[in-house]
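Please treat every number below as a calculation from the coordinates, not as lab data. This is a predicted model, so every value here is computed, not measured. Glycine also receives a Cβ, built like all others from the backbone with ideal geometry; neighbour counts cover every protein chain displayed.
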Amino acid sequence: MSIGKGQNPASVDNNIQQDITQIQSPHKAAIYSALIPGLGQIYNKKYWKLPIIYGATGILIYAFDFNNEQYNKYKNAYARMDAGEITIFEGVSDKSRILRAKDDARRNRDLNVISLAAIYLLNVLDATVDAHLFNYEINDDLSLNFQPTIKQSFDYQNSYGLSLSLNF
């Protein structure tokens, strides 16, 4: 970059520095989100995504805790019933029903762990993609239109639907 007549070299350096700071690093965003979920979104200035990330994480942690308690309760009840210590648990005397409830609680707990991992990975992926697209210009020529449609089949029956048209 050449310095024009009457330009201060310090102001040129400031302009270059501003250009550098406006470029988002996808690598940095991914690392930030991997270290602390949501930090990559803060780095990308997408603050509105934080309640979604932390809300989904909180709900899944609560569900994990609930399902883990249910699993332990039914596991202990099944073990006690199998040992002959009790014959009825919460109005149920059939061991197979208690075993099924234990397995359901374990499956739900495991699905919560998988969902938490998916939220974590989506958080990192979202921060990375947002950093890649941070300076992407959106043209006015791009549009998506929704229109209701009615189509007639070969037997003269009407089918109602939604038509999507993408213009670019």
Residue selected from the range 84-102 under the condition within 39 Å of the chain's Cα centre (by Cα) and among the small types (Gly, Ala, Ser), by the criterion farthest from Phe64 (Cα to Cα): Ser96
Which listed residue, of Ala105, Ala117, Ala79, is under 28 Å from Gly55 (Cα atoms), part of a helix (DSSP H, G or I) and in contact with an Asp or Glu (Cβ under 9 Å, 6 or more places away or on another chain): Ala105
Residue that is surrounded by 10 or more Cβ atoms within 10 Å (Cβ to Cβ) and either more than 25 Å from the chain's Cα centre (by Cα) or basic (Lys, Arg) (or both), where the choices are Ala131, Ala79, Ala105: Ala79
Hits in the range 25-62 (condition: among the aromatic types (Phe, Trp, Tyr), within 17 Å of Ala117 (Cβ to Cβ) and in contact (Cβ under 8 Å) with a residue 40 or more places away in the chain): none
Residue ID - surrounded by the fewest Cβ atoms within 10 Å (Cβ to Cβ), chosen from residues in the range 42-57 that are of a type outside the set (A, V, I, L, M) and over 12 Å from the mean Cα position of the chain (by Cα): Trp48
